[in-house]
Amino acid sequence: MTVNRLRPRRSCLAVPGSNPRFLEKAQGLAADQVFLDLEDACAPLAKPEARHTIVTFLNEGDWTGKTRVVRVNDWTTEWTYRDVVTVVEGAGQNLDCIMLPKVQTAEQVVALDLLLNQIEKTMGFEVGKIGIEAQIENARGLNNVNAIAEASPRLETIIFGPADFMASINMKSLVVGEQPPGYPADAYHFILMKILMAARANDLQAIDGPYLQIKNVDGYREVANRAAALGFDGKWVLHPGQVEAANEVFSPSQEDFDHAELILDAYEYYTSEAGGKKGSAMLGDEMIDEASRKMALVISGKGRAAGMTRTSKFEAPEA
């Protein structure tokens, strides 16, 4: 089946699957994506009950306009199989993706894909409908990220998990997302770019992980701007106060959105019969061509996904 895997994910809200109050509140927040967490946000003894709580909220809650995701436990634990079976059998019709944490090899993604195939066939669901989000959280996962990104047609996103990653490489910092003391450059640049390249080479989205200083919105915005500048599609939010910042940072400005729309309209006109069938043309003081069109499509697409409307209109020059 054909599924639109490129969903809006500017803000990806983490919600503990064991906390009904938080699950209720999350439905009213302006996050693009909500993931109900069975992993780190759930104590081991709370996981079995949390699976059923998540099923109830997926089936009975109002998640209109949101991408609905459940983060299961990773394959090295004893919980993964039961997480997937319980949630997908119980609420597969109201679920968009399964997030798999601590992915280290392509085979781990394939294993989840095969299990989802089995459940969908058994339950009579559309096979292939449920997507997979792969979280990279250690050095081995990063080294294998290209193979991971190619592992399944269900894949929708590659996610950077900074906390576990920092621990896995012995990074000298206890503040997740901040630069380690003593390093004069961006310690995350290589990591983020490697994830971004693997994602883009396979038409996937790239998502930055959490910023744990939840009351420091300015700090969150600074770290989010770093990822957005590179081309990431969104970032996790751990607190309602971070949602607005994420949505703003990962949306184009009104000026950029209007300009992108003008480029698209102008290029369509100038390459047409009426516009002279030109390969390049001037838009004001700017020369535009096919490369300009491709860049404008990215900005326009993000703006439209964010619900933006243009405030200017292209007018063809008089003959």
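The values are calculated or read from the model by the stated rules, or taken from the named source; none is laboratory data. Owing to the predicted nature of the structure, the values given are computational and were not obtained by experimental measurement. Reconstructed Cβ throughout: ideal geometry from the backbone, glycine too, with neighbour counts over all protein chains shown. Ligands, DNA and RNA are excluded from the accessible area calculation, which covers all protein heavy atoms including side chains. Shrake-Rupley method; radii C 1.70, N 1.55, O 1.52, S 1.80 Å.
Between Leu192, Leu114, Leu196, the distinction of being among the hydrophobic types (A, V, I, L, M, F, W, C), under 24 Å from Pro210 (Cβ atoms) and free of Cβ contacts under 8 Å to residues at least 40 places away in the same chain belongs to Leu196 only. Out of all the residues in region 280-292, is one or more in a loop (DSSP other than H, G, I, E, B), touching a strand residue (DSSP E or B) at 6+ places or on another chain (Cβ under 9 Å), at pLDDT below 90 and among the hydroxyl-bearing types (Ser, Thr, Tyr)? Within region 280-292, one or more residues are in a loop (DSSP other than H, G, I, E, B), touching a strand residue (DSSP E or B) at 6+ places or on another chain (Cβ under 9 Å), at pLDDT below 90 and among the hydroxyl-bearing types (Ser, Thr, Tyr). One residue alone among Arg140, Arg154, Arg200 is open to solvent by less than 40 Å² (accessible area, probe 1.4 Å) and basic (Lys, Arg), and that residue is Arg154. Taken together, the criteria exclude Phe125 from residues that are aromatic (Phe, Trp, Tyr) and either in a helix (DSSP H, G or I) or buried (at least 21 other Cβ atoms within 10 Å of the Cβ) (or both). The set of residues in region 232-278 being free of Cβ contacts under 8 Å to residues at least 60 places away in the same chain, open to solvent by 20 Å² or more (accessible area, probe 1.4 Å) and within 30 Å of Leu23 (Cβ to Cβ) consists of His239, Gly241, Glu248. On inspection, Gly182 does not qualify as more than 30 Å from Glu315 (Cβ to Cβ) and open to solvent by less than 50 Å² (accessible area, probe 1.4 Å). As a summary of the residue check, Phe22 satisfies the conditions (1) open to solvent by less than 10 Å² (accessible area, probe 1.4 Å); (2) touching a strand residue (DSSP E or B) at 6+ places or on another chain (Cβ under 6 Å); (3) assigned to a helix (DSSP H, G or I); (4) not β-branched (Val, Ile, Thr) except for the one numbered (1). Scanning region 68-85 for residues that are crowded, with 19+ Cβ neighbours inside 10 Å and either assigned to a helix (DSSP H, G or I) or among the polar types (S, T, N, Q) (or both) yields Asn73, Thr80, Asp83, Val84. For Thr64, state whether it is open to solvent by less than 30 Å² (accessible area, probe 1.4 Å) and either free of Cβ contacts under 8 Å to residues at least 60 places away in the same chain or more than 22 Å from Leu13 (Cα to Cα) (or both). Criteria not met by Thr64. For region 213-243, filtered to residues that are within 21 Å of Thr157 (Cα to Cα) and in a loop (DSSP other than H, G, I, E, B), the residue that is farthest from the chain's Cα centre (by Cα) is Leu238. Within region 281-319, take every residue that is out of contact with any Phe, Trp or Tyr (no Cβ under 8 Å at 6 or more places or on another chain) and of a type in the set (S, T, N, Q) and give me the one that is nearest to Ser251 (Cα to Cα). Here the residue is Thr309. Scanning region 219-263 for residues that are within 25 Å of Ala187 (Cα to Cα), charged (D, E, K, R) and in contact with a helix residue (DSSP H, G or I) (Cβ under 9 Å, 6 or more places away or on another chain) gives Arg221, Arg226, Asp233, Lys235, Glu248.
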